[in-house]
Amino acid sequence: MASKNIKKKHKRTKDQKALNFLCIMLAFVVVFVAVVCVSVNKNNNDLREKETTSSQSSQTTEKGNSKKPQSTENGKTPDTTAPETTQVATAAVAQPGTMDNPTIITIDEEKWYLTLVNSSYRIPDNYEPDLVYVCGSEERLDRKVAEHYEDMYNAALKDGVSLTPCSGYRSYELQERNYNNKVSFYESQGYSNKDAKVKAATIIMPPGSSEHNLGYAMDIVCVDEWFEDTAEFKWLTENAADYGFIMRYPKDKQDITKVIYEPWHWRYVGVELAKELKDSGLVLEEYFGLA
Ligand SMILES: [Zn+2]
C-alpha cells in the first residue's frame, strides 16, 4: 500500500514537472511571437515612413522621366500593397500649374535642395525659411545654404575675388510688391494684363516662385549683364559647382526657364547636382523632364 502511494506521488510529481515544462515552453513561444510581431511592425513603419518622406518631394523626380523616383534610390522597392503609400505617391505627382493657377508645392525636408520653383510651381505664401545673415552682410539665406555660400565666399577671397552678397532672401510680400509694380509698368506700356504678367515674370518672378523666396539663391555683386565680364563671374563659372551653386538662368535657356539671362543669380542645388548640371549644360526644368 505504502509503495503504491509512493508510486502515485512519484507519478504526480512527474506530471507536475511535465506541466511546468509545458508552461515554460508555452511562455517562450508567446514571447517569441510577440517579439516577431513587434519587429515586423517596426520594419513596416520604417519603410512606410521612408516612402512617405521621399514621395512628399516636390514634383521633381516623380515627373522627371530621366530620374528614378526617390523611393527606390535607397534600394527599397515601394510597397504598392500598402494603401497609405499608394495614396501619398499619387498625391506627390504634382502636375505643373499655370501662371494664374500655379501648383503649390511641399518641400521635401530631406531633399530640400532639389526644390524647383518657377511660374508653374510655387511655395505656399506662409513659407518661412530659417534665415541667417551671410558674410557679415545685410543679406540673408536659408541657414542650410548660408554655410555653403560662406565656404564659397571664403575660397574666392583666397583667389582675390569678392563674391559680395547683393540680394539674398526676399519675403513673399516684397516679391509680390516688386512683381505687381513690374506688371503695372508693362500695362502702362500698352500690354494686356495677361501679357504684362508673362513679361514681368521674365524679370521678376511672381511671389512664391522666386528662389529668393526660398532663401536658396544669391544675386552676387550687382544686377547687370556686364557681370559676365568680371573676375567674379569667371571664378563662379569655374568653381561654384564645387560648392553646390549653379547659374540658374543661362543665356541660351531663356525659352525653357522663361526668365531673362541672369549671370548674377546663383542658386544652391548641392554639389552632386551642381556638377552634373555644369557638365551636361541642363537647367533644372530639363533635369526634371519638365522642359
Ligand atoms: Zn536673383
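The values are calculated or read from the model by the stated rules, or taken from the named source; none is laboratory data. Please read all numbers here as calculations on a predicted model, not as lab measurements. Glycine gets a Cβ as well: all are built from the backbone with ideal geometry, and neighbour counts include every protein chain shown. The area values use the complete protein model at the heavy-atom level, side chains included, leaving out ligands, DNA and RNA. Shrake-Rupley method; radii C 1.70, N 1.55, O 1.52, S 1.80 Å.
Tell me whether segment 137-145 contains one or more residues that are surrounded by 19 or more Cβ atoms within 10 Å (Cβ to Cβ), assigned by TED's automatic domain parsing to the domain that holds Met218 and more than 16 Å from the ligand (Cβ to nearest atom). No - not one qualifying residue is present in segment 137-145. Among the residues of this structure, Val161 does not count as one that is within 18 Å of Gly270 (Cβ to Cβ) and in contact (Cβ under 8 Å) with a residue 60 or more places away in the chain.
Given the criterion part of a helix (DSSP H, G or I), free of Cβ contacts under 8 Å to residues at least 60 places away in the same chain and farther than 25 Å from Tyr127 by Cβ, identify the matching residue among Glu176, Glu276. Even if it seems obvious, please write down each step before you answer.
Details: Glu176 fails: farther than 25 Å from Tyr127 by Cβ.
Within the list Glu176, Glu276, the selection yields Glu276.
Within segment 229-246, residues that are at positive phi and of a type outside the set (Ser, Thr, Tyr) have Cβ atoms under 6 Å from residues that are assigned to a helix (DSSP H, G or I) and open to solvent by less than 10 Å² (accessible area, probe 1.4 Å) in these pairs: Gly244/Ala274, counting only partners at least 6 apart in sequence or on another chain.
Take Ala231 and decide whether it is crowded, with 19+ Cβ neighbours inside 10 Å, of a type in the set (Gly, Ala, Ser) and assigned by TED's automatic domain parsing to the domain that holds Glu139. The answer is no for Ala231. Residues in segment 277-291 that are surrounded by fewer than 17 Cβ atoms within 10 Å (Cβ to Cβ) and either within 16 Å of the ligand (Cβ to nearest atom) or more than 17 Å from the chain's Cα centre (by Cα) (or both): Asp279, Ser280, Gly281, Ala291. Residues in segment 234-250 that are within 15 Å of the ligand (Cβ to nearest atom) and under 26 Å from Gly160 (Cβ atoms): Leu236, Ala240, Phe245, Ile246, Met247, Arg248, Pro250. Scanning segment 136-173 for residues that are over 27 Å from Ile123 (Cα atoms) and in contact with a strand residue (DSSP E or B) (Cβ under 6 Å, 6 or more places away or on another chain) gives a single hit, Leu163.
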